[in-house]
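Chemist: Here's a structure for you.
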């Protein structure tokens, strides 16, 4: 049984390592630039992960492309501009503020504003409701019902 569990563990760890691509530069500054770039570029398949965190095939290809572009002497700006030209501003985790990205920047604030207005209207509506007042006859009926329920 232990041998079977060991083999299963080894198979799982081999498959997990298959998705990791290791890129090495001779210069630590290049490694830092590479890491910064792949952390600032969004995976277009996953959309909520950057290139560094994603294991999609597109992310692997884009990481390879960034590695090659850095190796060929491209600047960070040139690499970012290439990615934006090819995939649009959505590839950036921090897209520039312009007309086409206005919703990306203002959308959360607009939604928060709408939620606050809805909440305030709900609170005012609840506060303006007239509390239910029972007449003496209704109170007597409720007391009678409670007494009958207590006997059962």
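The values are calculated or read from the model by the stated rules, or taken from the named source; none is laboratory data. These numbers come from a predicted model, not from an experiment. Cβ placement follows ideal geometry from the backbone for every residue including glycine, while neighbour counts extend to all protein chains displayed.
Chemist: Taking the condition surrounded by 12 or more Cβ atoms within 10 Å (Cβ to Cβ) and free of Cβ contacts under 8 Å to residues at least 60 places away in the same chain, does residue 73 pass?
Modeler: When the stated conditions are applied, residue 73 does not pass them.
Chemist: In this structure, is residue 24 at pLDDT 90 or above and either over 19 Å from residue 81 (Cα atoms) or touching a strand residue (DSSP E or B) at 6+ places or on another chain (Cβ under 9 Å) (or both)?
Modeler: Spelling it out, it is not the case that residue 24 is at pLDDT 90 or above and either over 19 Å from residue 81 (Cα atoms) or touching a strand residue (DSSP E or B) at 6+ places or on another chain (Cβ under 9 Å) (or both).
Chemist: Then there is this: If residue 79 satisfies all but one of (1) surrounded by fewer than 11 Cβ atoms within 10 Å (Cβ to Cβ); (2) in the same structural domain as residue 52 (by TED's automatic domain parsing), what's the number of the condition it fails?
Modeler: In the conditions (1) surrounded by fewer than 11 Cβ atoms within 10 Å (Cβ to Cβ); (2) in the same structural domain as residue 52 (by TED's automatic domain parsing), residue 79 misses (1) alone.
Chemist: Can you tell which of 91, 110, 142, 84 is more than 33 Å from the chain's Cα centre (by Cα), modelled with pLDDT of 85 or more and surrounded by 10 or more Cβ atoms within 10 Å (Cβ to Cβ)?
Modeler: On the way: 91 fails: more than 33 Å from the chain's Cα centre (by Cα); 110 fails: more than 33 Å from the chain's Cα centre (by Cα); 84 fails: more than 33 Å from the chain's Cα centre (by Cα).
Step by step, each of 91, 110, 142, 84 is checked, and only 142 is more than 33 Å from the chain's Cα centre (by Cα), modelled with pLDDT of 85 or more and surrounded by 10 or more Cβ atoms within 10 Å (Cβ to Cβ).
Chemist: In this structure, is residue 33 within 23 Å of residue 76 (Cβ to Cβ), at pLDDT 60 or above and either in a helix (DSSP H, G or I) or touching a strand residue (DSSP E or B) at 6+ places or on another chain (Cβ under 6 Å) (or both)?
Modeler: yes
Chemist: Would it be correct to say that residue 65 is in contact (Cβ under 8 Å) with a residue 12 or more places away in the chain and either in the same structural domain as residue 25 (by TED's automatic domain parsing) or surrounded by 10 or more Cβ atoms within 10 Å (Cβ to Cβ) (or both)?
Modeler: So residue 65 does not fit the description; no.
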